[in-house]
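Student: Below: one structure in C-alpha cells.
The values are calculated or read from the model by the stated rules, or taken from the named source; none is laboratory data. Predicted model, so just to flag it, every value in this text is computed and none were measured. Cβ atoms come from the backbone with ideal geometry, glycine included; neighbour counts cover every protein chain shown.
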Amino acid sequence: MKLRKLLSITLVAAMVLGLTACGGKGSSTESPEKTGSESVNTDTGNAETGSMDSASTDAANTKEITYKVCTYYGGDSTVFAEFAAEKIKEKYPNVTLEFETLPSDGGLTIKTRAATGDLPDILLVDSGSIDVLAKSGSIITLDEYVDKLNIKDYYTPAIMENCLYSPDGHVYQFPMGSISPILWYYNKQIFADNNVKVPTNFDELMTAVTAFKEKGIIPMAMFGKEPWPLGAFFDTFAVKENPGGNYALSKGEAKASDESYSKIIGKMEQAIKAGIFQDGATNTDFDTASALFKEGKSAMFLNGSWYTADAITGLGDKADVILSYPTADAGKETVNQYSMTGGGDTSGMAVTANAEDKELAANIAFLFAYYREVAQYEKNSLVTTPLQTDGLTLENELDPISAKLLETIPQFSYNTKFLHTLPNTKFATTFTEEMQKLLVGETKDDFIKNVDKSIEDTVQK
C-alpha cells in the first residue's frame, strides 16, 4: 500500500542562530569524542537544546539536505507541522523537510514499508510499531540524545517517566503527544432542544440514545474504520468495572468471560443494538464522523482531549464534555469515577536507519516533536501538553472545556492503553476485528468466546 503523494515544503532560508556551548570545547576541527556536544537555543524561554557535535554542526550549515518526514499532516495538523518546519528552518537553513501523511491504519503500512526498506528518514511511531521497527533495525536508538539534548528540561516529569522509554529500556522516539484522556464530547444545544438529560450513568445513556434515535439524530458519531476508537469505546465501559480495560485482557490478567467484563460487554451490546452509532460506523473515517458532530447531526462524539479546539471551532459554546463516562450503574457513578482510557504512550518522532547524517536527523526529529507541541499549546490551548510551559504563552484565553479539564485532570488515572499501542499486537488485531463485528451484529456470547480464544492464543505463557 502506497502513501499519499509527498507534500513538499520548501522553506526560505533564515538567520542561523548562534551555538552555545554546554561544556569545554576544543577547536571545530577536533573529533566528536574530543569536542563533546553543543546546543542550539530553542528561544522558548526554557533551557538550551538541539545538541550536536561541532563536526556535525559545521556539515549541517554547509550541506543541503532533505529529510522525508512521515507524521500527522493534512487538515488541522498541517498548521502544527509547518510551524515546526519554519522553526527548524531558522536554525538549519540548509535542511528541507518533505512531509508524508501518516496512514490511519494502526501502523500496517509502516510495518509493510519497513519490510521492504522503504521508510522515510524521520517517522512518527508508537508502542504498537516501535517493537517491530526496533527489532528489524529499521529505527535507531536515541538513548544518547536524552542527555545531549537535555530533553528533561522541555518535557514534563510525567512524560519522562511514562512516555520515553520502551519496555526494552531504550529510547526510540522524542515524545509527541500528551498524556491525554479520551472524552465524550457532546452538543449542549441538541440535548437542550430535545429535552434530553446529559447522561451520568448507563440508564440515562440508554434513555438519551432512545430519545435521539426517535428524533432521527445520531446519538454518537463513531469513526470505526480506525482501530483505536473502538478500543477506546470498549474501555469507557470497562474501566468502570476494571480500570485495566483491554490492556488487562491483552496481558491475560483478565478474560472477557469474567463477570465484570461480561457485564460491560452486555451493556455495549445493548447500546449498539439501540443504535448509538450511525449506519456504516465501521467504514467511517475521522473526517466524516467529526463532520457529523460539528454539523449538528450527532449529539455526541468520542475522541481525545486534543480534539477540544476542533469541537469548539465547529460548535462554539455549544460544545462540552462529559468528564466521567456515563456507563456506570445508577448509584455507582463515583466508583472509578475518573478512571480514564487514553493516557500516554511511547509515541513520537523516530529516526530511521535510512536517514543521512543521523546526528543531524536526531536533532531535527527532536525539534520537530518539540515545536509541534509548542504550536499545539500556544495556538490550540492544549492544556494536556507534554511540555513544561515556562516561557510558553497561550495566544488565546482558555476555553470553558480546557478550563474544566485543567481543574479535573489531576484526578484522572490511567491503567489501560490505546488499542493500537498494545504490546500484544496479535491480540489487538483480533480485538479490533471483534469490535467491528460487534458493531454489525455479533452477539455478546460470540464476542466473549472469540476474545477469550484470542487471549489464550496470543498471551505468552
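Student: Pairs please, first residue from segment 319-333 and within 20 Å of Pro219 (Cα to Cα) and in contact (Cβ under 8 Å) with a residue 24 or more places away in the chain, second anywhere and among the β-branched types (Val, Ile, Thr) and in a loop (DSSP other than H, G, I, E, B), Cβ atoms under 7 Å, 6+ apart in sequence or on different chains.
Tutor: So the pair list comes out as Ile322/Val198; Pro326/Thr200; Ala328/Val335.
Student: Identify, please: which residue in segment 79-119 is of a type in the set (Ser, Thr, Tyr) and at pLDDT 95 or above and is, among those, surrounded by the fewest Cβ atoms within 10 Å (Cβ to Cβ)?
Tutor: Across segment 79-119, the extreme among qualifying residues is Thr96.
Student: Specify the residue that is nearest to Val351 (Cα to Cα); the eligible residues are those in segment 108-123 that are part of a helix (DSSP H, G or I) and small (Gly, Ala, Ser).
Tutor: Step by step, filter segment 108-123, then rank; the result is Ala114.
Student: Separate question: State whether the residues of segment 404-419 include one that is under 30 Å from Glu433 (Cα atoms), aliphatic (A, V, I, L, M) and either surrounded by 23 or more Cβ atoms within 10 Å (Cβ to Cβ) or modelled with pLDDT of 90 or more (or both).
Tutor: There is at least one residue in segment 404-419 that is under 30 Å from Glu433 (Cα atoms), aliphatic (A, V, I, L, M) and either surrounded by 23 or more Cβ atoms within 10 Å (Cβ to Cβ) or modelled with pLDDT of 90 or more (or both).
Student: Kindly check whether there is at least one residue in segment 242-264 that is under 15 Å from Tyr186 (Cβ atoms) and assigned to a helix (DSSP H, G or I).
Tutor: Within segment 242-264, none of the residues are under 15 Å from Tyr186 (Cβ atoms) and assigned to a helix (DSSP H, G or I).
Student: In addition: For segment 393-403, name all the residues that are surrounded by 15 or more Cβ atoms within 10 Å (Cβ to Cβ) and assigned to a loop (DSSP other than H, G, I, E, B).
Tutor: Scanning segment 393-403 gives Leu394, Asp399.
Student: Could you grab the pairs with beta carbons closer than 6 Å, sequence gap of 6+ or different chains, first residue in segment 236-263 and more than 14 Å from Gln460 (Cα to Cα) and free of Cβ contacts under 8 Å to residues at least 24 places away in the same chain, second one buried (at least 22 other Cβ atoms within 10 Å of the Cβ) and of a type in the set (D, E, K, R)?
Tutor: Partner pairs satisfying both residue conditions: Ser260/Glu241.
Student: Let me ask you something else. Out of all the residues in segment 422-461, which are outside any helix (DSSP H, G or I), charged (D, E, K, R) and within 25 Å of Asp279 (Cβ to Cβ)?
Tutor: Glu442
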